[in-house]
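Have a look at the structure below before the remarks.
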Amino acid sequence: MTHGSHDYVEDPRNRDILIYVNGAMKRREEATVSVFDSGFILGDGVWEGLRIVAGHPAFLDTHLDRLYEGAKAIAMDIGLDREAMTAAIHATLTRTTCTTACMCA
């Protein structure tokens, strides 16, 4: 079998995850992006991977600095200011059972 950069190992913890989409928590099969979204059409996007330690995002301010700087560099409006993004991250963490893992913001 051929292996490439998109290979992955199935993780059963991801089977029932909830995903924050536009202010709502969605099950993975309900978490969709519009085909008119520029990230879908053009591949535009920025993201940060957050390490969660004891239920809290490590180095959150540094990650948010990079996230917003990256968005600014490509003239992307994230749609949430820093305070709202922080609240969304914490709201997501309260709905999950993961206490030590990675998540994307």
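Where a number appears in this text, it was derived from the coordinates with a stated rule and is not lab data. What you see is a predicted model; the values in this text were computed from it and never measured. Backbone-built Cβ (ideal geometry, glycine too); neighbour counts: all protein chains shown.
Details
- Candidates Thr94, Thr62, Thr86, ranked by Gaussian network fluctuation over the chain, Cα under 10 Å, top entry: Thr62
- Extension gain, Met25 back to His6 (0.36 nm per residue minus Cα-Cα distance, nm): 4.2 nm
- Among Leu64, Leu93, Leu42, residue whose mean-square fluctuation peaks in a GNM of the chain (springs only between Cα atoms under 10 Å): Leu42
- Calculated mean residue ellipticity, 222 nm, the chain: -9000 deg cm²/dmol, from DSSP H runs (n ≥ 4) at -39500 (n - 2.57) each, averaged per residue and rounded to 500.
- Taken about its Cα centre, the chain carries a charge dipole of roughly 300 debye when the Cβ of each Lys and Arg holds +1 and the Cβ of each Asp and Glu holds -1.
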